[in-house]
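The values are calculated or read from the model by the stated rules, or taken from the named source; none is laboratory data. In this text the structure is predicted, and so the values were computed from the model without any measurement. Methodologically, a virtual Cβ is constructed for each residue, glycine included, from the backbone with ideal geometry; neighbour enumeration extends over all protein chains shown. Accessible surface is based on the protein model in full, side chains and every heavy atom, while ligands, DNA and RNA are left aside. Shrake-Rupley method; radii C 1.70, N 1.55, O 1.52, S 1.80 Å.
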Amino acid sequence: MNITVVGTGYVGLVSGTCYAESGNEVVCVDIDERRIAQLIEGKAPFYEPGLEELVRRNVKEGRLHFTTDVSYAVAQSMVSYIAVGTPMNATGAADLSAIFKAAEDIARAVTGYHIIAIKSTVPVGTNDRVREIVNRVAKHRIDVCSVPEFLKEGSAIEDFMRPDRVVIGSLSDQARAILREIHSPFVRTDNPILEMDPKSAELTKYASNAMLALRISFINDMANLCDAVGADINAVRRGLGSDRRIGSSFLFPGIGYGGSCFPKDVQALIHSASENGLDFALLAAAESVNMRQKRLIPQRVKQHFGDDLSGKVFAVWGTAFKPRTDDMREAPSLVVIEELLRAGAQCRVHDPEALENARKYFGDRVTYHKTNYEALKNADALLILTEWNEFRRPNFQRIKNELKQPVIFDGRNLYDPDLMKALEFRYYSVGRHPV
Ligand code: NAD
């Protein structure tokens, strides 16, 4: 099958590459000329494990191409996936301008029957609006469908190649059959392809992200209660998660969810509900718990060192919103570091992959360090903000030697509080026995 993918961000580039990997001829399009030039040279524009090798192989084998010319791409394909960004606008709604622009560009370029499959996360009703736009400009029949994407940054290729489910929202039998054919290589283990109407498909994506965000905020508030009463969230979490009706995933306490999806998708769903006269109070609460949770570490730091942090130096391990990505969009580290800087502190920052992105946010207001141990030099305390694997079993003696005081604020519960006590650290974590 000849396929166009419009947008070469996390979703578009991973999807396009994986479609090529399963034998399709794929052209990926982006308006960002630098990004396309980089991709043509075989360089991935962001860090995602395994992606660059897969891109190179498929380019070399002639199945994957990159261009800024959408007409060229669309003219030789029957299906165009739209995977452009849908950021949050000032009201909390999703900004759909890139979706409409991409759909119009595709519609003008089609040379026969065509399917536009929207992979970006879009509010319920967007398929209808896109259908109106393309019908105004297209000279051929176009079916507009919803194929929301569920991959996670950090394990995007594995998620794409072996999804828990594929959702196809279509009003056309012909489009549904073609999309089913494209996606069937990815569900060989009998995970379902769920076929439904486009509105239900659009909502399925938001419902999934909203549920995960709710679980995170729930466990974070439970953790705060554990801290207040001297209980252990890990014990509670295990007891809770062993109930098969509940399950154990997405019940790890921390310093709040971030990334390019959960915060904006929760807001967009609240907005869609309110446009339809409904108050989605549960989601508004999840969001406000999350905002509060991101401030937990600065609060604890101030309780320990006092409100004025002038002259204090903090080593920060991890700025990415989660491990195995360099993405810092809406990362808790942004809130934590800004708050410490505002209180007069200095920050020495390390992240295995996200330092380049960190520099875009903080410029020369913090210092950047290639190794986690280098960041510790002369710091008053260590703050752990991302649960990178390499932080799980550090040399504690070395940490102690480098720090001015043996204090750790762990936002990801990486270490055993008893061990920390035995090693004579002041150790703050989330929802476990307080120091
Ligand atoms: P991104 O910001 O990483 O990439 C978007 C890309 O689209 C950019 O390269 C941009 O230059 C390009 N673009 C914008 N307008 C264009 C146009 N008119 N023509 C061609 N290219 C254009 O975005 P992302 O993280 O890949 O997310 C894309 C969509 O997928 C969003 O709706 C997001 O919510 C959803 N999604 C993201 C993830 C994730 O983990 N990042 C997971 C599932 C779904």
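Here is how the numbers come out for the structure above:
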| item | result |
| --- | --- |
| Cα-based equivalent ellipsoid, region 294-428: semi-axes from gyration tensor eigenvalues, Å | 20, 17, 14 |
| Tensor-based shape of region 2-196 (alpha-carbon gyration tensor, a/c under 1.5 rounded, otherwise prolate or oblate) | rounded |
| Reachable lysines, given that their alpha-carbon falls under 22 Å from the alpha-carbon of Lys322 and they are not under 8 places away in the same chain | Lys152, Lys205, Lys264, Lys294, Lys360, Lys370 |
| 222 nm mean residue ellipticity, helices alone, for the chain (DSSP H n ≥ 4; -39,500 (n - 2.57); rounded to 500) | -13500 deg cm²/dmol |
| Cα convex hull volume per residue for the chain (Å³) | 152 |
| Calculated FRET efficiency for the pair Asn191/Val229, C-beta based, R₀ 45 Å, to 0.05 | 0.60 |
| Solvent accessible area, Å² - Leu212, 1.4 Å probe, full protein context | 50 |
| Pairwise centroid distance, computed over Cα atoms, of region 80-109 with region 163-209, Å | 20 |
| Per residue value of the accessible surface for the chain (all protein chains in place, 1.4 Å probe), Å² | 44 |
| Accessible-area order (highest first, 1.4 angstrom probe) of the listed residues Lys119, Lys60, Lys322, Lys152 | Lys60, Lys152, Lys322, Lys119 |
| Antiparallel bridges, percent of DSSP beta bridges restricted to region 2-196 (to nearest 5) | 5 |
| Sites excluded, GluC sites (Glu not before Pro) in DSSP loops with at most 13 other C-beta within 10 Å, longest stretch of the chain | 62-423 |
| Accessible-area composition of the chain, carbon plus sulfur, in percent [1.4 Å probe] | 50 |
| Accessible surface ranking that places the most exposed of His350, His304 first, with a 1.4 angstrom probe | His304, His350 |
